[in-house]
Amino acid sequence: MTNKFLTVDKAELKLGGKVYYLPVVEGSEGERAIDIRSLRAQSCHITLDSGYMNTGSCASNITFLDGENGILSYRGYAIEDLAQHCTFVEVAYLLDHGDLPTEEELANFSSMLGEFAMIHEDMIRFFDSYPPKSPPMAILSSMVNSLCSFYPEMTENPLENIDKMSARLVSKVRTIAAFSYKKSMGQPLVYPRHDLSYCANFLNMMFDSPVKPYEISQTVVSALNKLLILHGDHEQNCSTSTVRMVGSARVNLYASISAGISALWGPLHGGANQAVMEMLQNIHNQGGNFKKYLERAKDPNDPFRLVGFGHRVYKTHDPRCRIIKKACDEVLNELNYADPLLDIAKELEEAALRDGYFVERNLYPNVDFYSGIIYRAIGIPTNMFTVMFALGRLPGWIAHWKEMWDDPDWKISRPRQIYVGPKRRPFAPIRERVRVG
């Protein structure tokens with residue numbers, strides 16, 4: 001890790017008649033934090049922060065996120081520039097290597113992706129062991145974990161082969177995702193092709209068939225590149241923190257990524273775009289009257305909330321939304337796709353953007369709202385949405401695992417707690433125990 005924070009001030013904590021001095025540190029973009037690492041040793045006190053909403057777990061030079069001002073950048077590059085000018089492969093290289101690739105570096109990286117695109121033929125048999133309705137995220141997590149058995153170089157110095165392992169994961173997870181879909185559909189597998197780009201290859205593996213060759217749309221390929229780029233990393237979210245926490249025990253990269261996939265599976269994390277489509281389906285099933293749902297969302301006594309609006313971190317526009325909304329419009333225009341759910345989504349979006357309640361509270365459509373619409377339009381089933389999220393987030397997970405492993409301040413993750421259970425009580429043999437009441 002090359003960029004560390006600076007100590008710029010000190011905070012005073014008065015406790016029990018004593019004063020403790022804690023360093024105030026500052027990151028490269030001006031973020032400040034009170035460094036409490038010595039607090040327990042000095043004062044015998046810990047801090048309590050449910051969900052770690054005010055706790056920085058590490059110093060990182062990968063992603064900067066400013067929720068108040070709607071700013072997101074990878075390795076110092078604005079997300080808007082990356083989405084407009086780069087492919088997902090370039091951004092994956094940036095996240096995992098620290099800089100955008102030169103032409104030669106990109107060619108070498110792309111060549112590695114092509115070389116590692118296949119999965120071991122023995123792994124293909126694994127798909128046959130899953131029941132037909134198995135969740136794709138369960139398959140993806142277990143298959144990624146299995147990779148360490150087929151590629152055991154992780155047992156040696158893990159950073160020595162990190163470039164090879166990064167390329168292998170980014171390439172093979174794409175193939176595993178497409179194969180899991182084909183198996184769920186009972187269709188023959190479509191193997192990767194060396195003449196196609198990363199995203200075009202994935203779409204072809206998903207939708208090509210012997211009886212109906214898939215016609216690759218460059219508009220769809222461009223939209224998929226943008227979707228994966230926008231999901232590439234997002235600071236210390238639940239799944240990324242999981243990768244770091246599991247990896248802090250010196251667990252291998254494949255197992256750490258598998259844990260991150262499981263964390264992403266949660267409906268409050270990676271499942272949000274799937275929840276958007278389920279909400280739209282419910283509106284459609286009940287007559288399509290989206291205005292009723294807008295009113296319900298504004299009623300403080302109604303627990304209903306519009307899924308896909310607002311964001312836990314961003315207090316203004318999610319910077320990814322303008323990018324993906326434009327891509328969404330382009331895809332829908334080119335495909336001329338007729339779908340009542342997409343019609344409801346567009347009407348709901350327009351109404352919410354004009355409604356003072358949502359505007360005043362910055363409850364704008366977020367990236368999950370638009371990504372679900374695009375995925376549905378290009379034919380990706382709802383139960384594969386979170387898999388697509390994982391495909392995009394993979395380079396970010398790898399970057400954080402590598403950064404954590406190489407951090408001179410590394411420590412195994414071990415949060416504290418405040419115990420609120422019974423006080424110490426006397427033990428009684430079983431024959432003397434009487435339950436009162």
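Structural remarks
- The one condition from (1) assigned to a helix (DSSP H, G or I); (2) among the β-branched types (Val, Ile, Thr); (3) out of contact with any Asp or Glu (no Cβ under 6 Å at 6 or more places or on another chain) that residue 219 does not meet is (3).
- Any hit, segment 119-142, residues being under 19 Å from residue 400 (Cβ atoms) and part of a helix (DSSP H, G or I): yes
- Qualifying residues in segment 334-376 (those that are assigned to a helix (DSSP H, G or I), surrounded by fewer than 20 Cβ atoms within 10 Å (Cβ to Cβ) and among the small types (Gly, Ala, Ser)) - the one nearest to the chain's Cα centre (by Cα): 351
- Single residue of segment 47-79 satisfying the filter (under 23 Å from residue 91 (Cα atoms) and aromatic (Phe, Trp, Tyr)) that is surrounded by the fewest Cβ atoms within 10 Å (Cβ to Cβ): 77
- Among the residues listed as 143, 206, the single one being buried (at least 18 other Cβ atoms within 10 Å of the Cβ), modelled with pLDDT of 95 or more and farther than 30 Å from residue 323 by Cβ: 143
- Restricting attention to segment 1-48, the residues being out of contact with any strand residue (DSSP E or B) (no Cβ under 7 Å at 6 or more places or on another chain) and within 30 Å of residue 97 (Cβ to Cβ) number 9.
- Residue list for segment 381-411, filter: outside any helix (DSSP H, G or I) and charged (D, E, K, R): 406, 407, 409, 411
- Matching residues, segment 21-46, being farther than 30 Å from residue 403 by Cβ and surrounded by 14 or more Cβ atoms within 10 Å (Cβ to Cβ): 43
- Of the strands (runs of 3 or more DSSP E) that lie entirely inside segment 27-96, those containing 3 or more residues that are not aliphatic (A, V, I, L, M) span 63-66.
- Subset of segment 97-118 [small (Gly, Ala, Ser), in a helix (DSSP H, G or I) and buried (at least 17 other Cβ atoms within 10 Å of the Cβ)]: 110, 114
The values are calculated or read from the model by the stated rules, or taken from the named source; none is laboratory data. Remember, it's a predicted structure, so these values are computed and weren't measured experimentally. Here Cβ is always computed from backbone atoms with ideal geometry, including for glycine, and neighbour counts include all displayed protein chains.
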